[in-house]
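The values are calculated or read from the model by the stated rules, or taken from the named source; none is laboratory data. These figures come from a predicted structure and were not determined experimentally. Methodologically, a virtual Cβ is constructed for each residue, glycine included, from the backbone with ideal geometry; neighbour enumeration extends over all protein chains shown.
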Amino acid sequence: MSTVPALYESGLQHLASEDLLVDFSTVEAVDSSAVSMLLGWTRAAKKQGRNLRVKNMPADLTSLAHLYGVDEMLPG
């Protein structure tokens, strides 16, 4: 996904000043880069004392995270 690097940076900038809510309701497809992005945001949120919440997480993303053994590390 060519949009993930830009989204990741935008999310990090957002987390620097406030909590982040990610809504996947309009996302049509995900791959491993989405899992990586969420894990990075999760680490950044914890480091900065912020909350990261996710709405409408796609089943494909949950399945990938489970396959990689990181599903418990993702925000709910």
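Key figures
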| quantity | calculated |
| --- | --- |
| Near pairs, Cβ below 6 angstrom, 6+ apart or cross-chain, from segment 18-29 (within 11 Å of Trp41 (Cβ to Cβ)) to any residue that is loosely packed, with under 11 Cβ neighbours inside 10 Å | none |
| Selected residue [assigned to a helix (DSSP H, G or I), surrounded by fewer than 14 Cβ atoms within 10 Å (Cβ to Cβ) and among the small types (Gly, Ala, Ser)] from Ser36, Ser63, Ser25 | Ser63 |
| Single unsatisfied condition, Ala6 versus (1) within 12 Å of the chain's Cα centre (by Cα); (2) at pLDDT below 95 | (1) |
| Identity of the residue in segment 22-76, of a type in the set (D, E, K, R) and touching a strand residue (DSSP E or B) at 6+ places or on another chain (Cβ under 8 Å), that ends up farthest from Thr3 (Cα to Cα) | Arg50 |
| Single residue of segment 13-22 satisfying the filter (surrounded by fewer than 16 Cβ atoms within 10 Å (Cβ to Cβ) and of a type in the set (A, V, I, L, M, F, W, C)) that is farthest from Asp60 (Cα to Cα) | Ala16 |
